[in-house]
Amino acid sequence: MNDANVKAETNATALNATADGDAKLKFDMPFLNLQAVFGDVAEQGAARAKANFEQMKAASDEIAEALREACSTNAKRAADYGTKVIEISHINTGSALEFLSQLADARSFADVVNLSTTHSRKTFEAASGQNRELWDLARKVATETAEPIRKSFNRVLHRAA
């Protein structure tokens with residue numbers, strides 16, 4: 001059986017029969033303009049997608065700027081922290097050299113013990129203050145680095161909601 005021998009049967013009635021047997025069929029259903037219906041839906045979807053894309057792009061730009069600002073702040077504050085560590089190291093080295101100089105001038109064992117006790121107390125007090133300074137600087141670095149990021153994310157999330 002080949003396709004030439006198959007006749008299709010329909011429930012449609014012929015409108016106009018022509019001499020060669022062609023007929024136009026009339027169906028009992030109204031003609032729908034599907035292109036217009038789907039075209040409108042597609043246009044609305046495209047417009048919504050474009051608006052969402054623009055919102056995401058704006059949010060991405062804002063977050064990128066906040067991250068740039070945070071990195072810049074972090075670099076500045078990390079340099080401040082490094083400078084403070086070098087400064088503290090210089091102070092501690094000077095203190096140790098002064099102590100060694102005083103030990104060299106000591107005349108008795110009692111002088112050595114007295115100098116050692118005094119130097120240990122001063123060193124402990126200085127270390128406590130220095131650690132407090134470094135801790136404050138580290139906290140400042142963390143706070144100033146995270147704050148722009150936190151604010152930016154909050155703005156973006158509130159806009160998205």
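The values are calculated or read from the model by the stated rules, or taken from the named source; none is laboratory data. On a predicted model such as this, the values are computed, not experimentally measured, just so you know. FYI the Cβ positions are ideal-geometry reconstructions off the backbone, even for glycines, and counts take in every protein chain you see.
Data table
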item: Residue that is surrounded by the fewest Cβ atoms within 10 Å (Cβ to Cβ) [pool: residues in segment 88-112 that are aliphatic (A, V, I, L, M), without any contact (Cβ under 8 Å) to a residue 12 or more places away in the chain and part of a helix (DSSP H, G or I)]; result: A104
item: Any chance E125 is assigned to a helix (DSSP H, G or I) and in contact with a Ser or Thr (Cβ under 6 Å, 6 or more places away or on another chain); result: no
item: Segment 139-161 - residue that is surrounded by 14 or more Cβ atoms within 10 Å (Cβ to Cβ) and of a type in the set (A, V, I, L, M) and, of those, modelled with the highest pLDDT; result: V141
item: Flag if S120 is part of a helix (DSSP H, G or I) and surrounded by 12 or more Cβ atoms within 10 Å (Cβ to Cβ); result: no
